[in-house]
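One structure below.
The values are calculated or read from the model by the stated rules, or taken from the named source; none is laboratory data. The structure presented is a predicted model; accordingly, all values stated were derived computationally and were not measured. Here Cβ is always computed from backbone atoms with ideal geometry, including for glycine, and neighbour counts include all displayed protein chains.
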Ligand SMILES: *Cc1c(COP(=O)(O)O)cnc(C)c1O
């Protein structure tokens with residue numbers, strides 16, 4: 001068919017007309033410099049106030065202004081966008097970057113990790129396979145290798161960076177399911193052994209991967225909140241006698257609730273004897289391997305079949321960064337590999353190491369840069385020091401609280417988390433501590449969260465942020481004592 005010249009000219013004109021508006025998507029150099037300067041001014045303002053930022057801020061409308069600005073066909077100024085962001089996103093709610101944020105698992109991201117994200121976003125390399133992003137894949141390989149060495153995994157182990165501990169757990173359990181060859185007819189008889197302190201992402205992952213009906217048996221814990229190996233052995237034998245099929249032992253290397261570390265060596269021995277899969281959830285605790293105290297507490301972690309780490313917790317990178325490590329690297333590949341005709345060009349010799357063949361994502365955040373850049377520039381020494389400092393601070397906080405006669409403390413911290421509560425001279429303890437926490441949250445200077453241990457209300461005291469130092473702990477203990485004293489009057 002001969003091209004119709006008029007038709008072609010018409011299309012050329014139309015395209016040119018659209019291009020005039022579409023061009024707004026490409027900021028020119030001047031605009032880029034200006035926009036970057038404005039964003040940098042915003043982040044500098046944010047960072048310069050960190051030390052006076054409360055751990056939690058209650059405001060009348062909690063950011064509602066944002067919803068008055070619908071997305072429209074014509075844009076508004078960057079200045080307005082940043083102002084809205086500052087007033088409604090930066091300001092209300094909990095402040096994970098605040099050094100006095102002691103709730104849940106305290107987090108914080110180094111500046112180099114944020115710059116890593118910026119680099120990854122601007123260059124936007126595809127990190128799913130070697131063919132497209134050889135450097136991106138190698139960069140991730142360097143990180144996985146470092147993590148494998150840190151936990152004492154063999155060279156043949158493999159791993160993947162995912163959005164967090166929850167998805168990493170999912171990948172680990174899928175791999176266990178595939179390696180052990182569990183079929184739907186086995187699901188209801190299969191038993192996974194955990195404790196009351198196992199993170200809920202395990203139950204969630206089992207449900208999502210179709211194993212919601214498998215049996216989850218809670219093994220007894222000792223007074224430190226650690227799984228008791230004798231009870232585990234007894235239960236496995238009992239379950240086998242009943243014709244059930246034990247398949248996974250789930251150890252925690254630092255529980256979210258109590259910070260307790262299960263006796264990993266003893267659990268690994270049982271897993272080997274019984275030929276079960278040994279999964280270790282080290283989402284919070286894993287990077288304490290960088291410290292002497294951590295290596296002692298986590299002894300046996302190297303014997304896990306699968307392991308979950310959360311760099312967005314103890315490695316100080318932005319949210320959205322978890323890692324799974326699998327001892328038998330081939331198994332991770334076999335459990336996740338799928339391909340398609342339109343990917344035929346990407347099947348290089350390296351495809352067994354392609355992140356997209358080792359996890360559920362095809363196109364993925366190039367999250368390796370936010371880890372690699374700070375580790376490259378800073379080295380591991382400052383991380384080791386920060387985590388050692390956190391161990392000291394948690395012990396210091398524990399010992400200071402132990403001087404208050406009304407305080408009941410949970411176990412001494414294995415790493416950097418413990419729980420406490422007040423025992424008031426009159427009235428209900430759960431009620432008193434609930435009111436104490438509400439008072440503290442309203443005051444806002446420090447932010448703590450609560451939990452249940454043995455059916456009783458406890459306040460958690462985790463220390464993890466690299467920005468938290470001795471003066472913040474002193475402020476926390478003083479504030480807690482004052483508020484408790486005021487409530488008792
Ligand atoms: C945080 C945490 C998880 C879940 O990880 P996410 O990154 O929040 O998905 C799992 N286990 C433990 C022990 C944790 O502390």
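Away from the ligand (no atom under 16 Å from the Cβ), within 22 Å of residue 202 (Cβ to Cβ), over 17 Å from the mean Cα position of the chain (by Cα) and touching a residue at least 40 places away in the same chain (Cβ under 8 Å): does that describe residue 335?
Numbers: away from the ligand (no atom under 16 Å from the Cβ): yes; within 22 Å of residue 202 (Cβ to Cβ): yes; over 17 Å from the mean Cα position of the chain (by Cα): yes; touching a residue at least 40 places away in the same chain (Cβ under 8 Å): yes.
Here the answer is yes, as residue 335 does meet what is asked.
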For residue 478, all conditions in the list (1) without any contact (Cβ under 8 Å) to a residue 12 or more places away in the chain; (2) part of a strand (DSSP E or B) hold save one; what is the number of the exception? (2)
Pick from 382, 360, 374: which is surrounded by fewer than 22 Cβ atoms within 10 Å (Cβ to Cβ), part of a helix (DSSP H, G or I) and at negative phi? 382
Pairs returned, first residue in the range 247-271 that is at positive phi, second residue that is in a strand (DSSP E or B) and within 11 Å of the ligand (Cβ to nearest atom), beta-carbon separation under 7 angstrom, 6 or more apart or interchain, are 254/261; 254/282; 259/417; 259/462
For the range 214-226, enumerate the residues that are part of a strand (DSSP E or B) and under 25 Å from residue 178 (Cβ atoms). 215, 216, 217
Restrict the check to the range 284-302 and report whether at least one residue is closer than 21 Å to residue 178 by Cα and surrounded by fewer than 24 Cβ atoms within 10 Å (Cβ to Cβ). no
Restricting the range 232-277 to residues that are within 16 Å of the ligand (Cβ to nearest atom) and in a strand (DSSP E or B), the one farthest from residue 221 (Cα to Cα) turns out to be 248
Considering each residue of the range 397-434, count those that are crowded, with 16+ Cβ neighbours inside 10 Å and part of a helix (DSSP H, G or I), and give that number. 7
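Can you find a residue in the range 339-359 that is within 16 Å of the ligand (Cβ to nearest atom) and either in contact with a strand residue (DSSP E or B) (Cβ under 7 Å, 6 or more places away or on another chain) or within 18 Å of residue 158 (Cβ to Cβ) (or both)? Explain how you work it out, then say what you get.
Of all residues in the range 339-359, those within 16 Å of the ligand (Cβ to nearest atom) come to 359.
Add one more test, that the residue is either in contact with a strand residue (DSSP E or B) (Cβ under 7 Å, 6 or more places away or on another chain) or within 18 Å of residue 158 (Cβ to Cβ) (or both), and what stays is 359.
Yes, there is a match, as at least one residue in the range 339-359 is within 16 Å of the ligand (Cβ to nearest atom) and either in contact with a strand residue (DSSP E or B) (Cβ under 7 Å, 6 or more places away or on another chain) or within 18 Å of residue 158 (Cβ to Cβ) (or both).
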Here is a check on your reading of the model: is residue 38 more than 34 Å from the chain's Cα centre (by Cα) and at pLDDT 95 or above? no
All-but-one check, residue 332 against (1) surrounded by fewer than 17 Cβ atoms within 10 Å (Cβ to Cβ); (2) touching a strand residue (DSSP E or B) at 6+ places or on another chain (Cβ under 9 Å); (3) in a helix (DSSP H, G or I), failing number (1)
Mind listing whichever residues of the range 152-189 are within 15 Å of the ligand (Cβ to nearest atom) and either buried (at least 22 other Cβ atoms within 10 Å of the Cβ) or assigned to a helix (DSSP H, G or I) (or both)? 160, 161, 162, 165, 166, 167, 168, 169, 170, 171, 172, 173
Yes or no: the range 116-126 includes at least one residue that is under 24 Å from residue 294 (Cβ atoms) and within 20 Å of the chain's Cα centre (by Cα). no
Of all residues in the range 279-315, how many are within 16 Å of the ligand (Cβ to nearest atom) and either closer than 18 Å to residue 158 by Cα or in a helix (DSSP H, G or I) (or both)? 22
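Can you tell me which residues in the range 439-474 are in a helix (DSSP H, G or I) and surrounded by 13 or more Cβ atoms within 10 Å (Cβ to Cβ)?
Restricting attention to the range 439-474, the residues satisfying the condition of being in a helix (DSSP H, G or I) are 439-443, 470-474.
Once the filter is applied, which keeps residues that are in a helix (DSSP H, G or I) and surrounded by 13 or more Cβ atoms within 10 Å (Cβ to Cβ), the range 439-474 yields 439, 440, 441, 443, 472, 473, 474.
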The conditions are (1) within 16 Å of the ligand (Cβ to nearest atom); (2) surrounded by fewer than 23 Cβ atoms within 10 Å (Cβ to Cβ), and residue 101 fails exactly one of them. Which is it? (2)
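Taking residue 192, is it over 18 Å from residue 318 (Cβ atoms) and within 16 Å of the ligand (Cβ to nearest atom)?
Working: over 18 Å from residue 318 (Cβ atoms): yes; within 16 Å of the ligand (Cβ to nearest atom): yes.
Spelling it out, residue 192 is indeed over 18 Å from residue 318 (Cβ atoms) and within 16 Å of the ligand (Cβ to nearest atom).
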Within the group 211, 206, which residue is in a helix (DSSP H, G or I), under 27 Å from residue 321 (Cα atoms) and away from the ligand (no atom under 13 Å from the Cβ)? 206
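Return the only residue of 96, 54, 92 being surrounded by 12 or more Cβ atoms within 10 Å (Cβ to Cβ), touching a strand residue (DSSP E or B) at 6+ places or on another chain (Cβ under 6 Å) and either within 30 Å of residue 443 (Cα to Cα) or at pLDDT 95 or above (or both). Steps first, answer last, please.
Values: 96 fails: touching a strand residue (DSSP E or B) at 6+ places or on another chain (Cβ under 6 Å); 54 fails: touching a strand residue (DSSP E or B) at 6+ places or on another chain (Cβ under 6 Å).
One residue alone meets the criteria, 92.
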